[in-house]
Each structure stands twice: as C-alpha cells, then as structure tokens.
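**Student:** I have a structure I would like to understand better, so I am pasting it below and will then ask my questions one at a time.
Please treat every number below as a calculation from the coordinates, not as lab data. Please read all numbers here as calculations on a predicted model, not as lab measurements. Please note: Cβ atoms are built from the backbone with ideal geometry, for glycine as well, and neighbour counts cover all protein chains shown.
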Amino acid sequence: MSKPDQGERMHGTDDLHPRSKPAPHAAAAIARSLAGTDIPGWLDLPDPKGFRPKRKYRTIWISDIHLGTRGCNAAMLVDFLRSVECQTLYLVGDIVDGWRLKKGWYWPDAHNEVVRRILKMAHRGTRVVFIAGNHDEMLRDYAGMTFGGVELVLEATHVTADGRRLLVTHGDAFDGVVLYHKWLAFLGDKAYGLLLRLNIVFNAMRRRLHMPYWSLSAYMKKRVKNAVAFICSFEEAVAGEAIQRGYDGVVCGHIHSAEIREFNGITYYNDGDWVESCTALAEDMTGHIAIIDWLAETGGASGDHARGRAAAPSRADAETVA
C-alpha cells in the first residue's frame, strides 16, 4: 500500500471531522479486499461495445451513491461511468453506506458493478480519489493509504485547468445536526427512509404504466421550507470555509442537492447524489465545470428503477441516506 503525494492532494482535517472508530469487522473486510495483491482478470476484459461515443472530461466528481441501500441507483451510475472518460475521478463521500450495512446486509450485483467500474477506471489510468463521508466514516482511519489504485483521503485540493484552487470535501463537517446532534440525524434518516421506500413503490407503479423514473423523495424535499432553509445555510457555511482558507471555490456533496452558486467571489459546487437526482459535476479541458443530470439526459431509462430491478420494500429496510 502506498501513500498519495502530500501537499495539495491531501490535507488532514481532524479539526473538521469528528473521527470515530471503524466497525472492526466491516473496516477489516474492506481493507483485506482492497489490499489484495492479486489483480483480478476482469480488470483487463474489454468493455461492452456501446452505441454512444464516450465523453471526455478532465475531472468528474460524484458522491452520495449509498451502496448497500435499496435507494441506490447503481445501474444508472454504471451506465454513466461507462459513458465517460476522465483524467481524475473524485468520489466525494458516502459511496458505501456503512450506517445501513450495520443493520443488515444488502448488496446486489449491481452494486458490485459500480465497484468494478471504478476499479477499472483506476486500473486504466484514471486518478481516483476517495474522500470519506459520514456514512463511510469507518474508512477515515485509513486516510493516506491507497487501495486498488484508489487514494483514500479526508479532503483534497483540486486545481482546475484555468488555475483555480478548489477545496474538495464531503461536507458533513459543516452540518450541525450530524456534527453535534448525531441522534437527530439518525431520527431524520428514519423519516427519510420511509419516504424512500414510498418512492420505490411509487416508481413500481410508474413502470407498470410505462413511465420513466421520477423521484418522489427529491420532489418532497425541495418543497419543505425547513429543508430549503437548511440547504441554504449549509451552502453558506461551506462557502465561508473556502473563503476563510483562501480557496477559489469548493466542491462537496452530503445534502443530495446539485448546485453551482457564487458566494462573495468564490464558487460553491455540489455534485448531488445517485439516490434521488443522479447527478455529477464535470470539468472540461478549459476548466469550465457543469452539472451533468443523468436522469434528465436518459429519461430514467438506464437506472435500477427504470429497468424494473428495484427490490420490493421491506419494513426492516429503513434507509439512512442523508
């Protein structure tokens, strides 16, 4: 295992992130699987031929995939990753949902495909940087190591093609509910989990009517006044930190709301999520960064829900994806 370059690639953030001890069995299993020396044969297998030419980007940011939950749109994400090439891929936290996996194991093959796709990109020359979030916080104790070609860090500094310095962080350190009142975050997760299970049933009905996937949970969240106020205060807090530390902008995830906004001379970027909105951020070769809305581009035709692969909801499956 090798450590990534120091300096602008990684900064320790013990003052921002409350470090917690990893779940021993989960963390050990992840470390063993990623640290294996044998290279699996599937890494060198050719990709299936697609009808679309791959889009080429300098950098892509994705976050809040929540592998291990039923709400994860894994097949849609695999479709997206197969459609793009990039020099650097940032995984901006909450890639694996350790909170949910502690309650019970859920890991269909579509979730394996996401992991395979990311490892293939790393194997073929893409620099992959994994910034641990609050749902995969068990990986934070391994920051500074490289697993399977994936650099694991607490945060990073990205320099765009036009010379701007961007702070890249998951964002949970700026969420007062997660940071100081974790029990409230878990309570909110249960309510959100119920909404996500309703979302699965709702979209099962839409499939029967030959209608594309549409996120009921995202629609409801955007129309709740308190949620809107929280998102605005979160964006201001993250942007304020970037200003204080002398950055030109900040890229984060955590709140499942893709956005590009200007705050007092710096740019706030949020890459959204792959549970509700299915969005990413992409930088072109000139340094311009834009939101990619994969759900809007495909009409929901490439995701788990649209392909009819969403599992039936269960009472025990209270999602924890916020």
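**Student:** Can you put C86, C252 in order of Cβ neighbours within 10 angstrom, beginning with the fewest?
**Tutor:** Ordered by Cβ neighbours within 10 Å, fewest first: C86, C252.
**Student:** Taking the number of other C-beta atoms within 10 Å as the exposure measure, put I292, I200 in order starting with the fewest. Before the final figure, lay out the partial values.
**Tutor:** Numbers: I292 23, I200 20.
With the sparsest Cβ surroundings first, the list reads I200, I292.
**Student:** A follow-up question, please. Rounded, prolate or oblate: which fits region 43-179 when a ≥ b ≥ c are the square roots of the eigenvalues of the alpha-carbon gyration tensor, with rounded for a/c under 1.5 and prolate only if a/b beats b/c?
**Tutor:** Working: a/c = 1.78, a/b = 1.13, b/c = 1.57.
The shape class here is oblate.
**Student:** Put a dot 7 Å past each Cα toward the Cβ at L198 and A296; how far apart are the dots in nm?
**Tutor:** My value for the distance between the label points is 2.5 nm.
**Student:** Shifting gears a bit: Starting with the fewest neighbours, write out S83, S233 ranked by other beta-carbon atoms found within 10 Å of each beta-carbon. Write out the running numbers ahead of the final one.
**Tutor:** Values: S83 17, S233 13.
Lowest count first: S233, S83.
**Student:** Kindly write out, for region 233-242 in residue order, the coupling ³J(HN,Hα) from the Karplus curve 6.51 cos²θ - 1.76 cosθ + 1.60 (θ = phi - 60°), rounded to whole Hz, with x marking Gly and Pro.
**Tutor:** 5, 5, 4, 5, 5, 5, 4, x, 5, 5
**Student:** I've got another one for you. Go ahead and run the numbers for FRET between D284 and K103, Cβ-Cβ distance against an R0 of 35 Å, rounding to 0.05. Could you put the intermediate results ahead of the total?
**Tutor:** Working: r = 41 Å, r/R0 = 1.17.
After rounding to 0.05, the efficiency reads 0.30.
**Student:** If you take the beta carbon distance between S233 and L43 as r and set R0 to 30 Å, what does 1/(1 + (r/R0)^6) give as a FRET efficiency, to the nearest 0.05? Don't jump to the answer; show the numbers that get you there.
**Tutor:** Details: r = 43 Å, r/R0 = 1.44.
FRET efficiency, S233 to L43: 0.10.
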